[in-house]
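Asker: The structure follows.
The values are calculated or read from the model by the stated rules, or taken from the named source; none is laboratory data. All values reported here derive from a predicted model rather than from experimental measurement. Counting neighbours? That spans all protein chains shown, and the Cβs are built from the backbone with ideal geometry, glycine included.
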Amino acid sequence: MTAPRFRTGTFKKRAKRLPGGRRVVHYNKKKTSKHVCAKCGKVLDAVPRGRPYEIRKLSKNQRRPNRPYGGNLCTNCTKQLFKEEARKL
């Protein structure tokens, strides 16, 4: 019997043939959504997509850009934030 979470159309199915000749259905894992900027909502380029166990295997500098607010804000919003902070001084 199929697990209840697989009984929807959202999981893509793949038929696999076992060594004994029996055919079974495997379900593909869902892709994660792309990371977006917290301020403007633009897709962040340098942040990889992946499930948590895949991202955990990457080194820290591969997970997100090595700059202030990297992985949270896009470059344009970061520049704009720095300008605003400098003007407040």
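Asker: Count, please, the residues in region 10-50 that happen to be within 17 Å of Q62 (Cα to Cα) and basic (K, R).
Answerer: 2
Asker: So, one more: Would you check which residues across region 26-83 are farther than 30 Å from R5 by Cα, modelled with pLDDT of 90 or more and hydrophobic (A, V, I, L, M, F, W, C) and list them?
Answerer: Those that are farther than 30 Å from R5 by Cα, modelled with pLDDT of 90 or more and hydrophobic (A, V, I, L, M, F, W, C): C37, A38, C40, L44, L73, C74, C77, L81, F82.
Asker: Provide a single number: the residues in region 58-89 that are over 14 Å from K39 (Cβ atoms), buried (at least 16 other Cβ atoms within 10 Å of the Cβ) and without any contact (Cβ under 8 Å) to a residue 12 or more places away in the chain.
Answerer: 0
Asker: Separate question: Please go through region 55-89 and pick out each residue that is in contact with a Pro (Cβ under 8 Å, 6 or more places away or on another chain) and among the charged types (D, E, K, R).
Answerer: Of everything in region 55-89, just one residue is in contact with a Pro (Cβ under 8 Å, 6 or more places away or on another chain) and among the charged types (D, E, K, R), namely R63.
Residue-wise test of (1) in a helix (DSSP H, G or I); (2) touching a residue at least 12 places away in the same chain (Cβ under 8 Å); (3) under 13 Å from the mean Cα position of the chain (by Cα).
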| residue | (1), (2), (3) |
| --- | --- |
| V25 | no, yes, no |
| T32 | no, yes, yes |
| G41 | no, no, no |
| R49 | no, yes, yes |
| Y53 | yes, no, yes |
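Asker: Could I ask something else about it? Which of (1) at pLDDT below 90; (2) in a loop (DSSP other than H, G, I, E, B) does G20 not meet, given it meets every other one?
Answerer: All conditions pass for G20, except number (1).
Asker: Sticking with this one: Given the conditions (1) of a type outside the set (V, I, T); (2) under 15 Å from the mean Cα position of the chain (by Cα); (3) outside any helix (DSSP H, G or I), which single one is not true for N66?
Answerer: Just one mismatch for N66, condition (2).
Asker: Within region 39-47, is even one residue at positive phi and of a type outside the set (S, T, Y)?
Answerer: yes
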